[in-house]
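Beneath this line is the structure, given in structure tokens, with notes to follow.
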Amino acid sequence: MNSASPLEQNLYSFQEQPALILEKVDDAIALLDAEQHLVLFNQKLVRILHLESVWLKQSPRFSEILAFLVEQNTWSSEQRDRALQACEHTSGENQVIQINQNDQIYLDLYITSTSTGGKLLIFRDLTAQRRAQHDLADEVRRLTFLLGLTERLQTSDNLIQIGRFALTYLVKAMGAAFGDVKVIGGKGSDRSAGKLTNLISGQFIATHGESVAETMQQRLDQGVAYGQGILWQVVETGQPCFVEDYATHPNAVKEFRHPAIGQLGIFPIPSADGTIIGVLTLESRSLQKLQEAPQQDMLLAACRTLGAAIERAQSQERLQRINQDLELASRLKSEFLASMSHELRTPLNSILGFSELLLRQREGLNSRKVGHVSLIHKSGQHLLHLINDILDLSKVEAGKVDLELNTVSIQALCRQCLQMIQPRAERKRLALSLELDYQLDQVVIDERRVRQIVINLLSNAVKFTPEKGKVKLSVQVAYGNQLLQDTRPDESPVNLSTPYLCIAVTDTGIGIEAEKKHLLFRPFQQIDASLTRRHEGTGLGLALTKRLAELHGGTVSFVSQLGEGSTFRVWLPLNELRETGRSITASVAAGSPSPDQSTSSQAQDRVAQPCVLVVEDQPYNQSLIAEILEMEGYAVNIIADGQTMLETLGSPLVTARSLPVVVLMDIQLPNIDGFELIRQLKTHPLWQSVPVIAVTAMAMAGDRDRCLAAGADAYLSKPLNFNELIQQISKLSKSQTVSEST
């Protein structure tokens, strides 16, 4: 330390005027003679070492000064020994010792030998710099903690992990012996504070025993009921609470009434709206009170972050419960619809079947009765359409509908739809027209679903258009920017450059009032829902149309003017366009091989008098199916329950010659269901070659696959389409005859 030599040279010459030099020096100065007696000092030394000037003027030895500092607990004995050893050093080199006094003053002690054999001591106060360094390090640690806590909040859903990370840091930063985080659950007086996580230091356990810590742990695990403990004061007020002597506090929890407990601080953990949803408890052992600790802002920030984590976890838990409830409701709805489908289709099958049978045998009926039967049949068909609409909408909303995309002639599809709607339009003397973009024909769509969309739109247009009105169906290629001009029931994003297949139905009907437009496309909602409404329907057509369009990745829109008419448009994104005139190619198996001339007499008898075995428990359906099949030239045997059918499979009276050509198997049978009977039949050595048609009112998504997976060769849902039934029996019986002859 080169600056010491000039100072030393001038010290003796200015002993009579010390204030001129020494008192203006920023450092504390002490000059020792050869015997290490203090011969000169400044007031800065008095203040830093907390000494008396009167005593220092008596020239005490340096060892005496150090002994006094140790006695006053300002220096440690180790610091004293290092300073004495440095003063005894005679090599002439400067010595530097770092001193950390117990009063939080940090010094660098420079010791320089003088030319007279003494020592010049310069005490440089570095407290401000060291505290700044410590504050900076504390700030870095604080920011690192808050950053780590925020990162865990963003990337982790583990609330306990977030709480443990925060508590570990806070216990260390606040000098706490233990701490915990509790979450408030329940409502009103039924609330309780349950432990999220807690931490007890090893030193606390070693000092006070494991039994104390175990008792505290058990109490935390049980939770703290409303009104017990001081924490509820914090929950009610939202303000932290500090307790100096918890053991004697009247509201203290019994298991925590221990003399080892120091100062306790309970801090609120708020949610976003300020509601207290948790509390943080810390027990401090430092001399500084918790409410005066410099980490207060960091502690409050940690509580806010914990509040966000707890709130998010609670929201996720509520969302999970809601999803579970929704899944349960969806499952119950599906089960209800499946049950109602069966219950409705079974009697409806009889209504439609017998009315169709009467229409086929109309010779004995007069024109009035034929009209009555025809009305019964049409009403049954209408009821069937309503049932199908409900089931279709339920399947779409449940996500149980998969599109079957194929290349389809949109022009042919539109013409067919107009032909289907033509009779209804003629009854109201409506003018139907078709406008096609002849550059557009082949498109990739689900033909059945798009046909359903077009029929729904045309049916609505015919229904709401007065007599002698007009209905027009048009198809063209349009782009997303044209879609923005219409009213839409949703705000799904639209790509302005995307080409769409735009199917529009325009009518000159009654139009829609502006205040009722929001009801469109909602299930079971109708514009005219009054008791005196003039238009029938369930309000499912547009809702189903919207869902089917969305399944294609598209949307719906409309424009309407009250009293002037409406235009409804369906927008389906074009995945693939084909040139006009290109036809769809499909591989269709036609015809069946003729029986060989060497066919066995058994097969010939089977073909001559084909017998169909009907396994059906409903008497009406039994007689209906039997009469239809007998009209087609089949012999019919009927079994009414599953147990009888099972006994028939094992009967020794059944031979290969007496087997039926086809079995019509109902699925929902008494005693034993049709699935089990089909499986038994397909594993039976004698019966396994007999084709089985599953005939059932089960018409929900996946029912067909379940029937085929059980071994059925075909599937038909009730109400039966008798033409389809006869075609299936003919096809399967012919293939059975061929297989037996080969």
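The values are calculated or read from the model by the stated rules, or taken from the named source; none is laboratory data. In this text the structure is predicted, and so the values were computed from the model without any measurement. Because the Cβ atoms are built from the backbone with ideal geometry, glycine has one as well, and the counts that use them run over all protein chains shown. Surface accessibility is based on the protein's heavy atoms, side chains included, excluding ligands, DNA and RNA. Shrake-Rupley method; radii C 1.70, N 1.55, O 1.52, S 1.80 Å.
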_If I filter the range 425-446 for residues that are in a helix (DSSP H, G or I) and under 22 Å from LEU548 (Cβ atoms), do I get at least one hit?_
no
_Matching residues, the range 638-661, being closer than 22 Å to ASP713 by Cα, open to solvent by 60 Å² or more (accessible area, probe 1.4 Å) and more than 57 Å from the chain's Cα centre (by Cα)_ = THR655, ARG657, SER658
*All positions within the range 458-488 that are assigned to a helix (DSSP H, G or I), more than 14 Å from LEU501 (Cα to Cα) and of a type outside the set (D, E, K, R)*: LEU458, SER459, ASN460, ALA461, VAL462, PHE464
*Of the residues that sit in the range 609-637 and are in a helix (DSSP H, G or I) and among the β-branched types (Val, Ile, Thr), which one is surrounded by the fewest Cβ atoms within 10 Å (Cβ to Cβ)?*
ILE628
*When TRP232 is evaluated against the numbered criteria (1) in a helix (DSSP H, G or I); (2) more than 22 Å from ASP190 (Cα to Cα); (3) at pLDDT 85 or above, which criterion, by number, is the only one it fails?*
(2)
_Answer from ASP713, ASP705, ASP673 - the residue that is charged (D, E, K, R), within 50 Å of the chain's Cα centre (by Cα), over 18 Å from GLN618 (Cβ atoms) and at pLDDT below 90_ = ASP705
*Search the range 143-167 for residues being of a type in the set (D, E, K, R) and in a helix (DSSP H, G or I), and hand back the single one that is modelled with the highest pLDDT.*
ARG164
*Would you please name the residue that is surrounded by the fewest Cβ atoms within 10 Å (Cβ to Cβ), looking only at residues in the range 78-106 that are under 17 Å from LEU38 (Cβ atoms) and in contact with a strand residue (DSSP E or B) (Cβ under 9 Å, 6 or more places away or on another chain)?*
ALA86
*Matching residues in the range 433-460 - criterion: being in contact (Cβ under 8 Å) with a residue 60 or more places away in the chain, closer than 20 Å to THR555 by Cβ and not β-branched (Val, Ile, Thr)*: LEU440, ASP446, ARG449, GLN452, ASN456, LEU457, ASN460
*asked:* Out of THR197, THR248, I need the residue that is open to solvent by less than 20 Å² (accessible area, probe 1.4 Å) and without any contact (Cβ under 8 Å) to a residue 40 or more places away in the chain. Which one?
replied: THR197
*asked:* If I filter the range 251-273 down to residues being out of contact with any strand residue (DSSP E or B) (no Cβ under 9 Å at 6 or more places or on another chain) and assigned to a helix (DSSP H, G or I), which single residue comes out as surrounded by the fewest Cβ atoms within 10 Å (Cβ to Cβ)?
replied: LYS254
*Residue under evaluation SER63, criteria (1) assigned to a helix (DSSP H, G or I); (2) within 12 Å of ILE122 (Cβ to Cβ); (3) small (Gly, Ala, Ser), criterion not met*: (2)
_From GLN728, GLN680, residue being within 17 Å of VAL614 (Cα to Cα), in contact with a helix residue (DSSP H, G or I) (Cβ under 7 Å, 6 or more places away or on another chain) and open to solvent by 40 Å² or more (accessible area, probe 1.4 Å)_ = GLN680
*Hits in the range 610-637 (condition: under 53 Å from the mean Cα position of the chain (by Cα), over 19 Å from VAL690 (Cα atoms) and charged (D, E, K, R))*: ASP617
*Which is over 15 Å from ILE266 (Cβ atoms), among the polar types (S, T, N, Q) and surrounded by fewer than 17 Cβ atoms within 10 Å (Cβ to Cβ), of GLN222, GLN228?*
GLN222
*Could you identify the single residue in LEU440, LEU484, LEU434 that is modelled with pLDDT under 90 and more than 26 Å from GLU404 (Cβ to Cβ)?*
LEU484
*Of the residues that sit in the range 404-427 and are out of contact with any helix residue (DSSP H, G or I) (no Cβ under 7 Å at 6 or more places or on another chain) and basic (Lys, Arg), which one is farthest from ARG449 (Cα to Cα)?*
ARG427
*asked:* Please pick out the residue among SER355, SER379, SER367 that is modelled with pLDDT of 70 or more, within 28 Å of GLU630 (Cα to Cα) and surrounded by 17 or more Cβ atoms within 10 Å (Cβ to Cβ).
replied: SER355
*With GLN218, GLN222 as the choices, which residue is out of contact with any helix residue (DSSP H, G or I) (no Cβ under 6 Å at 6 or more places or on another chain), without any contact (Cβ under 8 Å) to a residue 24 or more places away in the chain and of a type in the set (S, T, N, Q)?*
GLN222
_Criterion first (open to solvent by less than 50 Å² (accessible area, probe 1.4 Å) and touching a Leu at 6+ places or on another chain (Cβ under 9 Å)) does VAL181 satisfy it?_
yes
